[in-house]
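This report concerns only the one structure given below.
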Amino acid sequence: MNLPNIPIPIEPAVWKWYESAVGKGEAIIVDTYWQTETGGFLCSTVPGLKPMKPGSAGPGVPGIHPIIFDENGKPVDKPGIAGNICIQNPWPGMFQTIWGDRDRFVETYFGKYNTKPNSKDWRDWPYLTGDAATMSEDGYYRILGRIDDVINVSGHRLGTKEIESAALLVEEVAEAAVVPVSHEIKGKEPDLYIALKPGIKATDELAKKISDKICDQIGKIAKPRKVWLVPDMPKTRSGKIMRRVLGAISNTGDVGNVMTLANPEIVEEIRKMVQD
């Protein structure tokens with residue numbers, strides 16, 4: 001399955017900072033969730049009608065009816081439980097096909113949760129966004145990232161952005177990145193990389209404080225295998241954290257060509273910290 005769009009969920013801490021530092025407490029921050037394929041917003045708050053909520057994309061916009069399914073095709077009806085967010089109904093702006101490959105279009109975006117392949121009833125063909133999400137009691141959706149970014153720990157699905165958001169609640173933390181690490185029994189475990197704010201010293205006590213915060217916010221099932229306090233994150237020249245590189249380090253794999261990064265020297269420094 002190849003679903004190329006990569007949503008970047010806004011961290012609650014970043015939302016609050018922007019609202020305070022940039023918006024001076026008066027800015028209306030609209031966190032929209034959409035994809036190129038959808039031709040428009042899927043979830044959003046509407047200023048004046050729906051209240052803003054840090055870290056949440058809001059409810060489905062008028063005419064869009066999201067639903068969250070588990071891997072077995074059953075609707076997830078409990079608040080806060082992660083699953084695959086889909087759209088139950090067609091809408092005018094959605095794309096119609098993949099050029100020259102109609103079968104791939106159907107299989108990739110509609111096939112996963114269809115139980116009646118010969119049906120022409122749109123209700124049998126929910127649109128798979130390829131993203132993981134949770135829904136709160138008020139009907140607001142929080143996008144956790146791509147399905148591939150969800151870590152399955154002993155049957156519990158944990159969004160990497162969910163863990164990173166919890167880590168950023170610790171005031172000493174500047175940046176956080178989570179990668180999955182293979183585990184014989186659990187399947188996967190999260191490894192957490194942390195870059196601290198300037199002037200903050202890396203200590204075992206601080207690493208424990210961050211790990212405890214994640215357990216408090218999400219649960220002990222989300223406890224990182226290890227909290228790595230690194231001097232900096234490997235980044236592209238545009239500032240994007242290269243989680244692929246961190247994942248390769250945690251799993252003792254090949255980091256690939258890193259010379260195009262803004263700070264390639266940091267990769268070897270982190271590798272020695274983790275693997276030596």
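No lab work stands behind these numbers, since they all come straight from the coordinates. Keep in mind it's a predicted model, so treat the numbers as computed, not measured. Cβ atoms come from the backbone with ideal geometry, glycine included; neighbour counts cover every protein chain shown.
Worth a mention:
- One decimal place: the segment residue 244-residue 29 gains 74.4 nm when fully extended, by the rule 0.36 nm per residue minus the C-alpha distance.
- The chain: relative contact order as a whole-number percent, Cα under 8 Å and 6+ apart: 12 percent
- For the chain, the mean residue ellipticity at 222 nm estimated from helices alone is -5500 deg cm²/dmol, where every DSSP H run of n ≥ 4 contributes -39500 (n - 2.57) and the total is divided by all residues, rounded to the nearest 500.
- Evaluated at q = 0.14, 0.15, 0.20 Å⁻¹: base-10 log I(q)/I(0), Debye formula over Cα of the range 154-275: -0.57, -0.65, -1.15
- Gained length - residue 274 relative to residue 103, 0.36 nm times residue gap less alpha-carbon distance: 57.2 nm
- Computed from label points 7 Å out along Cα-Cβ, the spacing between residue 152 and residue 20 is 4.0 nm.
- Potential extension, residue 123-residue 197 segment - 0.36 nm per residue separation minus Cα distance: 21.7 nm
- Sparsely packed loop sites in the range 76-141 (the trypsin sites (Lys or Arg not before Pro) outside DSSP H, G, I, E and B with at most 15 other Cβ atoms within 10 Å) comprise 120.
- Correct option for semi-axes √(5λ) of the Cα gyration tensor in Å [calculated from the coordinates] among (i) 33, 23, 18; (ii) 31, 19, 18; (iii) 74, 20, 18: (i)
- In the range 12-147, the convex hull through the Cα atoms has an average projected area of 9.2 nm², a quarter of its surface area.
- Between residue 237 and residue 77, the C-beta separation translates, for a Förster distance of 41 Å, into a calculated FRET efficiency of about 0.40.
- Residue among 21, 207, 248 with the largest mean-square fluctuation in a Gaussian network model of the chain, springs linking Cα atoms under 10 Å: 21
- Extending 7 Å from the Cα toward the beta-carbon at both residue 215 and residue 52 defines two label points whose distance is 3.5 nm.
- Across 116/186; 50/223; 78/112; 78/226; 50/186; 50/208, pairs whose alpha-carbon gap is larger than 32 Å: 116/186; 50/223; 50/186; 50/208
- Between residue 136 and residue 96, the modelled labels are 3.9 nm apart [label points 7 Å from Cα along Cα→Cβ].
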